[in-house]
Amino acid sequence: MNTNRKIARIAGFLYLAYIIVTVIANGLGRASIIVPASAAATVANILAHETQFRIGLVCELLATLLFFLTAWGLYCLLKPVNKTIALLFVLLNLCGGAIASLSALFLCAALPFASGAGYLASFSTQQLNALALFFLGFRNTAFTGAQLFYGAWTLPLGYLVFKSGFLPRALGILLVIDCLAVLIWFLQYFVFPGYAVVSYPCCAVSLIAELGLTLWLLTKGVRD
């Protein structure tokens, strides 16, 4: 039981680190720099804050690594409940992480167009700006595609939390609802792109479920 408590707190720490690094990545690399409606303004922001943009890119890749390590910690904690299902959520997390890492590289791909590298001299400034914004936008599409796996992983995770007996069943139910919420967000983005408002309550559900699990693991660990 003491070992399980240590594993739970390690998993909680990794989960919290992932959340913090993700917030930093969003703040440094995207929210304060990318202007979706203006390619010129976006490129000007990247050139004015290139180091900040690069740090945001590194943080995004680091967040993916931390998320996979979180899944590893949860696997160690929950595999006694059902090893096969625990392996399933790790594999789903790994698939989502691979796509998310690839999406982060599209941020890097935008840099040569923003800086106007010499070998791109045949392109006009407007074309370079448009290509930079294209890759930044494609990053969002690829990252949202990863949510199919990131959403699906919370279903087996929630089931194991519910069945474990040493974690609150309410958290397991919230994680299952989180799965449905993320999948709704995924479908809204690709099928109904004009209804972004649908994703807002879905994001709120994800925050409550995943932050709730994180804080419980950190503060309470597991019950006897």
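Every read-out reported here was derived from the displayed coordinates using simple, explicitly stated rules and does not represent laboratory data. All values derive from a computational prediction rather than experimental measurement. Note that we place each Cβ from the backbone using ideal geometry, even for glycine, and neighbour counts take in every protein chain shown.
Report summary: the helix-based calculation at 222 nm, which adds -39500 (n - 2.57) for every DSSP H run with n ≥ 4 and divides by the residues of the chain, gives -28500 deg cm²/dmol.
Among complete DSSP H helices in the chain, those whose alpha-carbon atoms stretch at least 27 Å along the helix's long axis and whose mean Kyte-Doolittle hydropathy reaches -1.0 are 2-26, 50-78, 83-115, 125-164, 169-191, 199-219.
Given the choices [x] 16.5, 52; [y] 31.7, 100; [z] 19.4, 68, Rg and Dmax of the Cα atoms in Å derived from the coordinates of this structure is entry [z]. Extension gain for the segment ALA130 to LYS220, taken as residue separation times 0.36 nm less the Cα-Cα distance, is 27.4 nm to one decimal.
Within a straight-line Cα-Cα reach of under 22 Å, LYS83 can be paired with the following lysines, leaving aside sequence neighbours fewer than 8 residues apart in one chain: LYS6, LYS163.
If each residue's Cβ is checked for other Cβ atoms within 10 Å, how do ILE208, ILE34 rank with the fewest at the top?
On the way: ILE208 14, ILE34 21.
If I rank by nearby Cβ atoms, fewest first, I get ILE208, ILE34.
Since only PHE123, VAL35, LEU217 are under comparison, the one whose Cα sits farthest along the positive direction of the charge dipole of the chain, derived from C-beta charges on Lys, Arg, Asp and Glu, is LEU217.
Where the centroid of each part is defined by its Cα atoms, how far is region 20-87 from region 118-152 in Å? Their Cα centres are 16 Å away from one another.
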